[in-house]
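The block underneath contains the structure these notes are about, expressed in structure tokens.
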Amino acid sequence: MSDSFNRLYEVIKTLISPNGCPWDSVQTPESMKKYLVEETFEALEAIVEGDVEHTKEELGDVIMNAVEIAALYEKQGKFSIDEVLDGAAEKIIRRHPHVFEKKEMTLEQLNVQWDKIKKSEGKKEKLSHEEKFAKMQKLLESIAPEYK
């Protein structure tokens with residue numbers, strides 16, 4: 001699998017390089033955010049429809065956009081793709097001690113543990129579904145002008 005990721009990463013680095021694609025080479029994380037949203041919605045739609053082939057394609061587009069955005073930040077010297085991947089792995093391990101430290105827990109205990117871990121990371125209290133939806137709506141409204 002790492003060969004597949006490395007291949008995608010190298011393709012994207014080529015696209016965003018000065019000698020790469022004229023469109024990709026001028027993109028920024030800011031200019032790419034709407035494409036990440038679009039591809040995420042297309043992936044969700046494919047999942048809801050139960051179309052496995054379409055889902056596979058759209059998840060590829062989500063991953064491609066996420067990797068391109070990370071590569072653009074890397075190009076700016078803000079952080080590396082390795083930092084993104086290592087941070088994601090570390091977060092998963094930290095939030096799943098029941099798996100990586102072999103501790104048996106009930107689902108209820110897992111939920112309590114999850115909340116404790118997120119609090120220890122400085123995360124705010126869990127948002128309600130309504131609060132999450134309102135936050136998503138506000139974010140979507142912030143990119144709406146890009147569609148005019």
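Worth pointing out:
- GluC sites (Glu not before Pro) within region 41-139: DSSP coil, no more than 13 neighbouring Cβ in 10 Å: Glu101, Glu104, Glu121, Glu125
- Protein heavy-atom accessible surface, 1.4 Å probe, per residue over the chain: 75 Å².
- R0 of 35 Å, Cβ-Cβ distance Asn19-Val48: FRET efficiency to nearest 0.05: 0.30
- Net charge over other residues, Cβ less than 11 angstrom from the Cβ of Ser120 (K, R count +1; D, E count -1): +4
- Kirkwood Rh in Å, taken over all unlike Cα pairs in the chain: 18.1
- Within the chain: Cβ-based charge dipole about Cα centre, in debye rounded to nearest 20 (Lys, Arg +1; Asp, Glu -1): 860
- By the helix-only formula, in which each DSSP H run with n ≥ 4 contributes -39500 (n - 2.57) and the sum is divided by residues, the chain has a 222 nm mean residue ellipticity of -24000 deg cm²/dmol.
- Surrounding net charge for Leu110, when Lys and Arg each add one and Asp and Glu each subtract one, Cβ distance under 12 Å: 0
- Using θ = phi - 60° and Karplus 6.51 cos²θ - 1.76 cosθ + 1.60, couplings along region 123-131 (whole Hz; Gly, Pro as x): 6, 6, 4, 4, 7, 6, 4, 5, 5
- Estimated from the Cβ-Cβ distance and a Förster radius of 41 angstrom, the FRET efficiency linking Lys126 and Leu8 is about 0.75.
- Overall, the accessible surface of the chain at a probe of 1.4 angstrom is composed of carbon and sulfur to the extent of 59 percent.
- Each residue, Lys116 and Ile143, gets one label point 7 Å from its Cα in the Cβ direction; the gap between the two is 3.7 nm.
- Beyond 26 Å in Cα-Cα separation lie the following of the pairs Lys56/Lys102; Lys103/Lys126; Lys78/Lys123; Lys34/Lys135; Lys34/Lys116: Lys56/Lys102; Lys34/Lys116.
The values are calculated or read from the model by the stated rules, or taken from the named source; none is laboratory data. Note that the coordinates shown come from a computational prediction; the quantities given were computed from them, not determined experimentally. FYI the Cβ positions are ideal-geometry reconstructions off the backbone, even for glycines, and counts take in every protein chain you see. SASA here: full protein model, heavy atoms, side chains in, ligands and nucleic acids out. Shrake-Rupley method; radii C 1.70, N 1.55, O 1.52, S 1.80 Å.
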